[in-house]
Amino acid sequence: MLSVAGVPAHPLLVHAVVVLLPLAALGAVAVAARPSWARPYGPLVAALAPAGAGTAVLARIAGEQLEDAIEISPGFEAVIDQHERFGTFTAIAAWPFALLAVAAYVLARRDRGRALWVLTAVAGVVAVVATVLAGHSGAAAVWGDVVG
């Protein structure tokens with residue numbers, strides 16, 4: 001199982017995803033709204049989005065390993081399955097966003113990328129929605145009986 005200093009890597013990687021993807025999406029929305037920001041902020045979006053997509057995949061892999069390493073109580077499988085589906089959706093949705101962010105940055109440098117930035121922003125919003133769904137279902141699974 002992937003771990004960092006003896007701690008399962010899944011919750012650590014998840015925190016990277018919930019920071020990187022929304023930041024990149026916010027940047028993409030900002031650049032789509034203000035094309036003049038493509039030059040100063042485009043590189044940041046083009047770096048954050050693939051980093052978020054990569055950590056989403058790693059978080060999913062680490063989550064699978066964590067699931068295999070723990071005993072899941074009866075009746076809890078449905079909760080884990082839902083979280084797993086949302087995690088898969090996040091890992092899948094993040095990659096078109098990442099690829100569009102890089103493409104938009106490259107094309108925007110040639111003053112032809114406004115429409116691509118808008119498409120990138122839409123893909124970013126989809127990736128963030130997936131992230132929120134996965135994060136909420138994971139938090140509910142872990143903390144639902146404690147604080148809910």
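Values in this text are rule-based calculations from the coordinates and carry no lab data. All figures in this text were calculated on a predicted structure; none of them were measured in a lab. Cβ atoms come from the backbone with ideal geometry, glycine included; neighbour counts cover every protein chain shown.
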For the chain, longest principal axis from Cα atoms; helix 38-69 axis from its Cα atoms; angle between them, nearest 10 degrees, is 20
Extension gain residue 65-residue 33, at 0.36 nm per residue separation less the Cα-Cα distance, in nm? 7.5 nm
Please build a GNM for the chain, connecting alpha carbons under 10 Å apart, and tell me which residue among 11, 96, 40 fluctuates the most. 40
Suppose we keep just the alpha-carbon trace of the chain; what are its Rg and Dmax in angstrom? 16.9, 57
Rounded FRET efficiency, nearest 0.05, which uses the C-beta distance separating residue 3 from residue 73 and R0 of 25 Å: 0.65
Once amide hydrogens are built 1.01 Å from N within the peptide plane, the residues lying 5 or more places from residue 3 or on another chain with amide H under 5 Å from its amide H are 9
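When only DSSP loop residues count, what chymotrypsin sites (Phe, Trp or Tyr not before Pro) in the range 65-148 have their Cβ near at most 11 other Cβ atoms within 10 Å? Walk me through the numbers on the way to the answer.
On the way: sites: 76, 86, 89, 97, 105, 117, 143; in loops: 76.
Listed in order of number, the matching sites are 76.
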Taking Cα atoms only, helix 9-33 is inclined relative to the longest principal axis of the chain by an angle, in degrees rounded to 10, of 20
Find the relative contact order for the range 1-140 and round it to a whole percent, using C-alpha pairs within less than 8 Å whose residues are 6+ positions apart. 34
Add -39500 (n - 2.57) for each DSSP H run of 4 or more in the chain, then divide by its residues: what number comes out at 222 nm, to the nearest 500 deg cm²/dmol? -30000 deg cm²/dmol
Additional length obtainable on full extension of the chain from residue 115 to residue 140, 0.36 nm per residue less Cα span: 5.2 nm
Looking at the range 44-133, which trypsin sites (Lys or Arg not before Pro) are DSSP coil and have at most 16 other C-beta atoms within 10 Å of their C-beta? 109, 110, 112
